[in-house]
Amino acid sequence: MNPLLKEIRHNPLLWLLAFVPVLFVAQHVKPDAHTLLFVLSVLAIVPLAGLLSHATESVAAKTGDTVGGLLNATLGNLTELVIALTALHAGQYTLVKASIAGAIVTNTLFMLGMSFLLGGLRHHVQEYDRGSARLQASLLFLATIGILIPSAVSEADSAAGLEFTAKLSVGLSVLLIAAYGLGLLFSLKTHRELFGGAGHAEAGEAPWPMGLALATLAGVTILVALVSEVFVESVQQAAVAFGMSPAFVGFIVVALVGGAAEMASAFSGARKNRLDLSVGIALGSASQIALFVAPVLVLLSYVIGPEPMSLQFWPGAVVMMLIATMTASLVTNSGRSAWFVGVLVLMVYLIFAMTLYLLPPRTQGESRHASITATTPIEHRLRYPSV
């Protein structure tokens, strides 16, 4: 425990860990103070993300950046999975799909672009393993096709009923999960020599012992999941106080806070010239959500949901996911990056964010939709942005 305590003493950012128990106390004492809980949950997630970043770097130092990035992406996506399972059980399928689409777009554009920018500002030109990046981008593109097909068929053929969409979604979910498993087998087993990393990391502090790093990863992941649950419960009410639209909250705010732990690891790795770790976390997390988390949620909806959930997303979400995937494929094709590459990727993300933030409020004619589901405005705004 000495390395952990030393890190907490010497890192002022980790002093914010005091907000974790404060948040849980405030939730118990004032469960209706949504704005207060929103602010406290954000302050609590920041130091937890820092701890998770340091522990992940320690594991990656022993296992390599490919495995380290996969581990960080898996633990980081556990938060999104827990949140999505809660919403799935409650039948809030639009919220589930909004969180999935938002996480894919945020990880692909914001996390990747900011990693390129931060790393490029400190290092003139950075190199990373092009083969690993192209594999993750290819998997992400495959998942986007799987999500696009049910939506495209439904829009093009009005005769395609709910039963057809449900059966197609189950079949596609099985295929996507199989593709993800085969991708892991390819990169970690049969052709692991092709994904060794560029090997330009800086010399830094000695990593934590493996036992302490794994224990920290497990404990912090649980805390992040608990804090994120409080955040999601309070964010909708807090959004009204801050003047944010539900679409902006679902796609941008929830995705940014939910991925804070992964982002801390990716940004730290980029600053230390470990861009393989950063790219692995960003694209690995996005592809894992699209190829594994989303299909698993579709299959679990038959068990814990009030009715089956499909892979049919609304057009706005599909377009943003497709553009994000194409952007990632283009910028990672060379295996080299500089700070301006990060700026270009971030500009695409900011275009999306600005559009969602400026979506007009609901009109009186939309009131009949409110009884369908509490999160219908997100889907309605992205389908009919001019309303």
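As a rough guide to protection, the peptides 287-300, 174-187 ranked by mean Cβ packing within 10 Å, highest first, stand as 287-300, 174-187. Between M347 and L194, the modelled label-to-label distance comes to 3.3 nm, taking each label 7 Å out from Cα in the direction of the beta carbon. Note on region 220-346: Rg/Rh from Cα positions, Kirkwood definition for Rh, rounded to two decimals, is 0.99. Note on L13 and R134: the model spin-label points, each 7 Å out from Cα along the C-beta direction, lie 3.4 nm apart. Using the average count of surrounding beta-carbon atoms within 10 Å as a protection proxy, the listed peptides 328-336, 44-52, 314-322 rank, highest first, as 44-52, 314-322, 328-336. You can think of it this way: the chain between K167 and E229 has 19.2 nm of extra reach, that is 0.36 nm per residue less the Cα-Cα gap. For region 305-351, the orientation-averaged shadow of the C-alpha convex hull comes to 4.9 nm² (one quarter of the hull surface).
Projected over every direction and averaged, the convex hull enclosing the alpha-carbon atoms of region 1-61 yields 4.7 nm². The modelled label-to-label distance between S334 and V296, using points 7 Å beyond Cα along the C-beta direction, is 3.7 nm. Overall, the ratio between the Cα radius of gyration of region 230-299 and 2.2 N^0.38 Å, rounded to two decimals, is 1.35.
Taken together, the values in this text are just the output of simple stated rules run on the coordinates, not laboratory data. On a predicted model such as this, the values are computed, not experimentally measured, just so you know. Please note: Cβ atoms are built from the backbone with ideal geometry, for glycine as well, and neighbour counts cover all protein chains shown.
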